[in-house]
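Below is one structure, written out as structure tokens, with a few remarks after it.
The values are calculated or read from the model by the stated rules, or taken from the named source; none is laboratory data. Because the structure is predicted, anything quoted here is derived from the model rather than measured. As a convention, Cβ positions derive from the backbone with ideal geometry for all residues, glycine included, and neighbour counts pool all protein chains shown. These accessible areas exclude ligands, DNA and RNA; they are computed on the full protein's heavy atoms, side chains included. Shrake-Rupley method; radii C 1.70, N 1.55, O 1.52, S 1.80 Å.
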Amino acid sequence: MPKPVIMPLVRGELVGLIWLRPVEPGADALTGIAALSNIAAAAGADEVVLAWESRDVSTVCGLPSGGPVPCLNMVHATPEGHVLHQFPYDETVPAPKGEGEAVTAGIEWKAPPAPQEGGDLVAPVRAAVDYAFTPMDMDHPNPFGVTVVLMEEDGYTVRLTESLDR
């Protein structure tokens with residue numbers, strides 16, 4: 001499963017994809033996930049999509065698992081609210097065929113529950129959603145560009161679309 005990722009949109013146009021930086025378990029992970037919002041706030045996003053895996057986030061953040069586990073989660077959020085989409089799955093690990101052969105785990109997707117308007121979000125994702133729409137107060141002529149550089153320096157993987165690339 002991918003690391004937590006945020007996809008900010010401005011007037012329906014994708015700004016880019018920003019993946020979580022390497023984090024230490026606990027408070028650093030909570031902060032790292034919440035800080036995914038910085039680029040959305042700097043871009044003036046009017047909607048965001050965040051994706052994360054339940055078990056990975058609850059483990060690294062030291063939080064109880066809520067909802068189905070394992071599960072790929074996606075939330076589509078605007079300043080007015082959010083809709084949570086959950087995609088539970090089972091991992092399948094085939095028996096090794098011979099000594100020294102690599103074994104690849106597979107995913108068997110289960111039926112997803114209905115999308116949940118205002119569904120419960122794990123704390124750092126809730127913070128990322130809330131802060132994504134908080135205007136950034138930065139005294140700089142290019143707050144978006146500075147934010148991209150700072151996030152990259154912190155270890156976040158930032159891939160911008162061509163229309164908003166530096």
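Among the residues of segment 75-110, those identified as over 19 Å from Pro2 (Cα atoms) and either modelled with pLDDT of 95 or more or touching a strand residue (DSSP E or B) at 6+ places or on another chain (Cβ under 6 Å) (or both) are Ala77, Thr78, Pro79, Glu80, Gly81, His82, Val83. The single condition among (1) within 21 Å of Ser37 (Cβ to Cβ); (2) touching a residue at least 24 places away in the same chain (Cβ under 8 Å); (3) more than 15 Å from the chain's Cα centre (by Cα) that Pro113 does not meet is (1). For Leu50, work out the one condition from (1) of a type in the set (A, V, I, L, M, F, W, C); (2) farther than 11 Å from Val125 by Cα; (3) crowded, with 21+ Cβ neighbours inside 10 Å it doesn't fulfil. Single failed check for Leu50: (2). The residues listed here are Ser65, Ser58; of these, the one that is open to solvent by less than 30 Å² (accessible area, probe 1.4 Å), more than 11 Å from the chain's Cα centre (by Cα) and farther than 19 Å from Asp154 by Cβ is Ser58. Taking segment 23-33 as the search range and keeping residues that are among the small types (Gly, Ala, Ser) and in a helix (DSSP H, G or I), which one is most open to solvent (accessible area, probe 1.4 Å)? Filtering segment 23-33 for residues that are among the small types (Gly, Ala, Ser) and in a helix (DSSP H, G or I), the one most open to solvent (accessible area, probe 1.4 Å) comes out as Ala27.
Within the set Leu20, Leu36, the sole residue that is in contact with a Gly (Cβ under 9 Å, 6 or more places away or on another chain), open to solvent by less than 40 Å² (accessible area, probe 1.4 Å) and under 22 Å from Glu162 (Cα atoms) turns out to be Leu20. Exactly one residue among Ala132, Ala77, Ala114, Ala128 is open to solvent by 60 Å² or more (accessible area, probe 1.4 Å) and of a type in the set (Gly, Ala, Ser), and that residue is Ala114.
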